[in-house]
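Student: Right, I'll just put the structure down here and ask away after.
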Amino acid sequence: MAFHTFPTALLKDCFYLSVQAAYGIYKVKKGTDGLWTAANYAGLTASPGNVDGLLTDAIFSNPSGMTVDSDGNLYIIDSGSHCIRKISIQTGLVKNYCRKGRCICC
């Protein structure tokens, strides 16, 4: 699996931005009119936590950075929960990927 690291997760037509104080992720994309718009993507709740689930159900504690793999999946450093979270671009599911040194992927 190849990883491409950016300050934000950058894809062909959009980028993703983690917002620590809002406990979530925004998706910023360019519309057909050429204007960029930002929309809630995952998390963005009133209080921190660590809950897996669909994009709108997931809760983050302190999303502080991210990367994207060659398939377009996002990996978010959730420093408040001491873990890495994965967002599947195909299913929209948010799951703990590595937590306190234990990787689920391996």
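Student: Taking K and R as +1 and D and E as -1, what net charge do the other residues with C-beta under 9 Å from the C-beta of Y97 add up to?
Tutor: +4
Student: Need the C-alpha centroid separation for region 15-70 versus region 72-95, integer Å.
Tutor: 10
Student: Check region 25-106 and count each lysine pair with an alpha-carbon distance under 25 angstrom, considering only pairs eight or more places apart or from different chains. Mind showing how you got there, number by number?
Tutor: Details: K27/K86; K27/K95; K29/K86; K29/K95; K30/K86; K86/K95; K86/K100.
Taking region 25-106 as the scope, the lysine pair count is 7.
Student: Taking the dipole about the Cα centre of region 25-106, with the C-beta of Lys and Arg at +1 and of Asp and Glu at -1, give me whichever of C83, G72, Y26 is farthest to the positive side.
Tutor: With unit charges placed on the Cβ atoms, the residue in question is C83.
No value in this document is a laboratory result; all are computed from the given coordinates. Remember, it's a predicted structure, so these values are computed and weren't measured experimentally. Cβ atoms come from the backbone with ideal geometry, glycine included; neighbour counts cover every protein chain shown.
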